[in-house]
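Written out below as structure tokens is the structure these notes cover.
The values are calculated or read from the model by the stated rules, or taken from the named source; none is laboratory data. Small disclaimer: the values here were computed from a predicted structure and weren't measured. With ideal geometry, Cβ positions are generated from the backbone for all residues, glycine too; neighbour counts draw on all protein chains shown.
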């Protein structure tokens, strides 16, 4: 077994290696889906969420001075792809799936069978990518961000619900009769990124609305396990996808990895609001973040082996014992942020949580090195219940976003966000 590195040393090794591995995903139409050995899987196309995540990461690498010339070129490539190839020039917005290659006329080919609908989840990452690229001064990024903000205002943001809608038909004529916490979590993430890029406090207001309703209201009722699925009028749908506990985006039950992710994002939201001098009624955040973190942490080893099961029921019993790399990455990120946030705060509970989070930073880092990182920059995306490589939910190694952000968080403050903090 290789030597276990401390987190700072691990990040110093992994960030350049992740950048180099991610470079393999470049295709003419943007960025493709990487297979187990780092080869593009053309049958999985160029998907919008992957293209955006890779563009975001190469913008961060540019700002961090990691392979800066190549990273800037790749971030520019990603922004160009979003503006020229993914853009739906007939109806507006962005296609969810296009072919990796361009046609003889240099045009992209949308796949309207595999990517029929427009999705709030993927659109949130358009804003994340455009925001990070704007901070990194990538050509065309500001124009893309302006368009993404316009589309969000026109279609995705539901002011009456204080949350985002889920998906539309390509021509925006049919709205899906479903609402999801996952798309809203990443919409909150996009709000934080957009605020950093524009200083527009409307995005913090929207982020606070999303977090208040999904976490302070819904998750509080479920002992800080997050209901993921809702009807069109935002009633919790506890049986949605009961037969699909391993669905990649809408699994049944509670998702501990999202508990960690919401805990981090909520603390970052409160820190951003405080820095902006805004009172957004977020005094509930510390208790909620602590509850989310502890509830998710209770899933560790709950099925008899080290690691965190993908999904549980609402009493914490494992439903899917697959282990996803992104869950450990988000657990590590949440631990880093919680350790910072609760250190020095008044009260024994804060001191205990800060100490717990600091201990788990090390433990999650060791788990990642032992089971997930097969070589520098190459993170296994899925393991089975025995921590052996698996591909039940995720074939290959689609992107570097979760691992990269976790490594960046080892050296960043809670606020501002990734791009703004790296810009300095």
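Looking across the range 369-407, the residues that are part of a helix (DSSP H, G or I) and surrounded by fewer than 20 Cβ atoms within 10 Å (Cβ to Cβ) come down to 369, 370, 371. Evaluate the following for residue 228: is it over 23 Å from residue 336 (Cβ atoms), in contact with a helix residue (DSSP H, G or I) (Cβ under 8 Å, 6 or more places away or on another chain) and surrounded by 19 or more Cβ atoms within 10 Å (Cβ to Cβ)? Here the answer is yes, as residue 228 does meet what is asked. Per this entry, residue 79 is not counted among residues that are at pLDDT 95 or above and assigned to a loop (DSSP other than H, G, I, E, B).
Kindly indicate whether residue 364 is without any contact (Cβ under 8 Å) to a residue 40 or more places away in the chain and crowded, with 18+ Cβ neighbours inside 10 Å.
Details: without any contact (Cβ under 8 Å) to a residue 40 or more places away in the chain: yes; crowded, with 18+ Cβ neighbours inside 10 Å: yes.
The answer is yes for residue 364.
Of all residues in the range 32-53, which are within 14 Å of residue 101 (Cα to Cα), in contact with a helix residue (DSSP H, G or I) (Cβ under 7 Å, 6 or more places away or on another chain) and either without any contact (Cβ under 8 Å) to a residue 12 or more places away in the chain or in a strand (DSSP E or B) (or both)? The answer is 40, and nothing else.
Of the residues in the range 207-221, not one is surrounded by fewer than 17 Cβ atoms within 10 Å (Cβ to Cβ) and either on the phi > 0 side of the Ramachandran plot or part of a loop (DSSP other than H, G, I, E, B) (or both).
So how many residues does the range 90-133 have that are within 20 Å of residue 76 (Cα to Cα) and either assigned to a helix (DSSP H, G or I) or out of contact with any strand residue (DSSP E or B) (no Cβ under 8 Å at 6 or more places or on another chain) (or both)? Residues meeting the conditions: 15.
Taken as a whole, the range 228-236 holds at least one residue that is under 23 Å from residue 293 (Cβ atoms), part of a loop (DSSP other than H, G, I, E, B) and in contact (Cβ under 8 Å) with a residue 12 or more places away in the chain.
With buried (at least 24 other Cβ atoms within 10 Å of the Cβ), under 22 Å from the mean Cα position of the chain (by Cα) and under 17 Å from residue 200 (Cβ atoms) as the only criterion, which of 151, 127 stands out?
On the way: 151 fails: buried (at least 24 other Cβ atoms within 10 Å of the Cβ).
Every option except 127 fails the conditions.
Within the group 238, 245, 286, which residue is in contact with a strand residue (DSSP E or B) (Cβ under 7 Å, 6 or more places away or on another chain) and either at pLDDT 95 or above or within 24 Å of residue 121 (Cα to Cα) (or both)?
One residue alone meets the criteria, 245.
Can you tell me which residue is surrounded by the most Cβ atoms within 10 Å (Cβ to Cβ) among those in the range 18-33 that are within 16 Å of residue 68 (Cβ to Cβ) and within 20 Å of the chain's Cα centre (by Cα)?
At the first step, the residues of the range 18-33 found to be within 16 Å of residue 68 (Cβ to Cβ) are 18-20, 22-23.
From what's left, within 20 Å of the chain's Cα centre (by Cα): 18-19, 22-23.
On the way: 18: 25, 19: 24, 22: 27, 23: 20.
Looking at the filtered set, the residue picked out is 22.
Only residues that are touching a residue at least 24 places away in the same chain (Cβ under 8 Å), assigned to a helix (DSSP H, G or I) and crowded, with 18+ Cβ neighbours inside 10 Å were counted in the range 316-355, giving 18.
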